[in-house]
1. State whether one or more residues within the range C:81-103 are touching a Pro at 6+ places or on another chain (Cβ under 8 Å), at pLDDT below 85 and surrounded by 19 or more Cβ atoms within 10 Å (Cβ to Cβ).
2. Residues that are closer than 30 Å to B:L70 by Cα and out of contact with any helix residue (DSSP H, G or I) (no Cβ under 7 Å at 6 or more places or on another chain): list the helices (runs of 4 or more DSSP H) wholly contained in the range C:185-278 that include at least 1 such residues.
3. What residue, of B:A122, B:A100, B:A168, is within 14 Å of chain C (Cβ to nearest Cβ) and either over 12 Å from the mean Cα position of the chain (by Cα) or open to solvent by 10 Å² or more (accessible area, probe 1.4 Å) (or both)?
4. If B:L77 satisfies all but one of (1) surrounded by fewer than 24 Cβ atoms within 10 Å (Cβ to Cβ); (2) assigned to a helix (DSSP H, G or I); (3) at the interface with another protein chain (Cβ under 8 Å from one of its Cβ atoms), what's the number of the condition it fails?
5. Looking at the range C:137-177, which of its residues are under 20 Å from C:D223 (Cβ atoms), free of Cβ contacts under 8 Å to residues at least 12 places away in the same chain and of a type outside the set (D, E, K, R)?
6. Could you please give the count of residues in the range A:117-141 that are aliphatic (A, V, I, L, M) and at pLDDT 90 or above?
7. Please count how many residues of the range C:157-202 are at the interface with another protein chain (Cβ under 7 Å from one of its Cβ atoms) and among the basic types (K, R).
8. So which of A:A196, A:A145 is modelled with pLDDT under 90, within 13 Å of chain C (Cβ to nearest Cβ), open to solvent by less than 40 Å² (accessible area, probe 1.4 Å) and assigned to a helix (DSSP H, G or I)?
Amino acid sequence: MSKAISILYDAPGPKAKQRNILYSIVFVLALAAVAWWIVTMLADKHQLDAAKWKPFVTDSRVWTTYLLPGLQGTVIAALLSVVIALPIGAIFGIARLSEHVWIRVPASVVVEFFRAIPVLILMVFANYFFVHYSSVPLESVALFAIVTGLVLYNGSVLAEVVRAGILSLPKGQAEAAAALGMRKTQTMTLIQLPQAVTAMLPAIVSQLVVIVKDTALGGYILGYAELLTQSRTVSNAYSNTIPTLVFIALVFIVVNFALSQLASWLENKLRNRTKGNRTTVNPEMVEEQAPGMKM
Amino acid sequence: MFDFLSKYDVLGAFWVTVQLTLYAALGSLIWGTILAGFRVSPVPLLRAFGTAYINIVRNTPLTLIIVGTLLGLSQTLGVTMGTNVLDSQNFRLATLGLIAYTSTFVCESIRSGINTVPVGQAEAARALGLGFGQVLGVIVLPQAFRSVIAPLASVLIALTKNTTVASAIGVAEASFVMNNMIENESDKLFLVFGVVALGFVVLTLPTGLILGWVAKKVAVKR
Amino acid sequence: MRLSRLARAGVAVVSLAVALTACGSRDEGSGSLVDKAKNDKKLTIGIKFDQPGLGLQTPGGAYEGFDVEVAKYIAKELGVDANNITWKQTPSSQREDMIANGQVDFIVATYSITDKRKQKVDFAGPYFIAHQDLLVRADDKSITGPDSLSGKKLCSVQGSTSAQKVKDKFPQVQLQNVKGYSECLTGLESGAIDALTTDDTILAGYAAQQPGKFKLVGKGFSDEKYGVGLKKGDTKGRDAINAAIQKMETDGSWKTAADKYFGPSGYTVPAPPAITEK
């Protein structure tokens, strides 16, 4: 990366430095103008009144009654989804590598189908499905629906991660195992999968970011009490929609930024450990992926 | 069995989905390229802005961004998006939110595409005396784009699916109409799901296949 | 074929997931809620958590509002202390199901008595008659009723029929669909939206919360009879609840509660309605 930056332009000389400073000043002025406009508009609409912002600092109940339980709701839904989606993803990822057509093809169809459909559609469907055809208590239907939608979607994404992880291993690994007389299942579970898991780890962590963001979608639409949905109860109690949304956004950014950092830290660590011999599944590739395309 | 479909404007809803996708795709391609330019630019401040923008927007749920365009941008800041008709206003707000969010993915794809262009290309360009804008615009980006068609196709498909979030502010796209249909025809749950799911498969699968083929076709052989 | 360790672990997790999905039993409570209240000294009551003035979860985690007061009064009459009430949030679309499944003993949540709902649940009451009304900015003189809404922007909550009813009658109205009433208020305050329509009780709650900003137009254009929803066929329970409501209305607690929650908005509290669901 740093290499790419430096090769695109010469080291700035005195003139270029001056020009860069000029650009910076123009840019700062433009940003300041936008910020000034926003602040004046907000002040004009009384959105900057201290009373609307103060509760987040002075009233701990905002956090204990609404935001932290909301964050807890987000975490529960996200963790449940990833814990259930992982084994499902592993099974389908391995199934797609099977040499039997009758395993490989159905697995591929399922994976491609769920990757082609918006996760919101899956959640809405699951929501009404649980209401009409299951004995899930209605107050947990939204959670069940969100987790189901996320598992179906992320299970299929993780299937691709697993597949790419296994394919990223040197061929010699499987060949050596075969030479030792191992069965295919043994090769897969004792040789390939354990190594693939380390290669996949960064991708799995960064998939958590996607899951956390999608819980907000499901929660907001289906009314599950996660962080974003709590914006309603907070602004009902304090009449401060804008400050609430800002604080909720901050919490999301902090949580997701930490997860992204963890993912890239893991990636660097794993890459350095084996001195470039081993590839990792690039976490960036996982987030948004096209059906019908190979990683 | 499919009679009830005529009561709802399913095709119209999918047309809204397609329109949202196209406008947002165009917008995020432009804004995403500019952001990528910022991120590799010689001006440290622009680089910092690019990085900050990506880290903030990428880590915010799209739902929050789109709801923010309605409650913040439109209702608080008074941005009307050049129309007084609520439906088109919401449509434009949703498009703006989708652009803000999707452009971060476009930017990161292009940035990684820039990295695939061999060092010698930029070096040769600089040796010819081209400035940063020319190096990037004339030499590097055209090559970079050819290698990022596949990742950009993925972003486009993700965008198509993400347009469903626009229902949060009442844009009558496919998932909005699906919700209405299920609420009124709860006995046809599977049918409704099947129709809407099929609609999305029809929208996303060919995009992936065609662009995947194009990507292979135009890839720079190295 | 030998199952490998990993495959077995995978199967275990999947079956756990399946079990998780399948569990969550519903106790099919039989018998009248009167007996349940008498024996267990506990009740589960469905309310709204997000409607100021009717049912609202306060920052302290308690619940307040007119519906909550009515529910507490009924519980007291059934011999259940307020501390032994489990409050449950009952979204509008799930109220019938939650009663039928026995997840709540009864519901006091701006629950209008309609013939369609009566096919699935029984009602006691009504304990209040609300009217669909409009909430507008306090300084807005242009809106005097639904017929003056032409060309105006009306906020609608998805799944609620009140705004759609207005739109059907007056097609010139523009609808802004959002997911919750609190989203409507931001726009109403800033002028991006001109009116919000639903039951006047709910609107009065919002108006009372931010005094001076909003007002009710005061031209109610439909009657919404709020009833207490309970399991179909529980005549004993219905009679007991009716008796409790009757007592609440005669001993003055009804008026006190109504004045407390609806009064501040300038809403004139009507006389308590006669109980019709017998």
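1. Looking through the range C:81-103, at least one residue is touching a Pro at 6+ places or on another chain (Cβ under 8 Å), at pLDDT below 85 and surrounded by 19 or more Cβ atoms within 10 Å (Cβ to Cβ).
2. C:200-209
3. B:A168
4. (2)
5. C:T161, C:Q164
6. So the count comes out to 8.
7. Summing the residues that are at the interface with another protein chain (Cβ under 7 Å from one of its Cβ atoms) and among the basic types (K, R) in the range C:157-202 gives 1.
8. Step by step, each of A:A196, A:A145 is checked, and only A:A196 is modelled with pLDDT under 90, within 13 Å of chain C (Cβ to nearest Cβ), open to solvent by less than 40 Å² (accessible area, probe 1.4 Å) and assigned to a helix (DSSP H, G or I).
The values are calculated or read from the model by the stated rules, or taken from the named source; none is laboratory data. Keep in mind the model is a prediction, meaning the values are calculated, not measured. Every residue, glycine among them, receives a Cβ derived from its backbone with ideal geometry; neighbour counts consider all protein chains shown. Note: accessible area is taken over every heavy atom of the protein model, side chains too, but ligands, DNA and RNA are not part of it. Shrake-Rupley method; radii C 1.70, N 1.55, O 1.52, S 1.80 Å.
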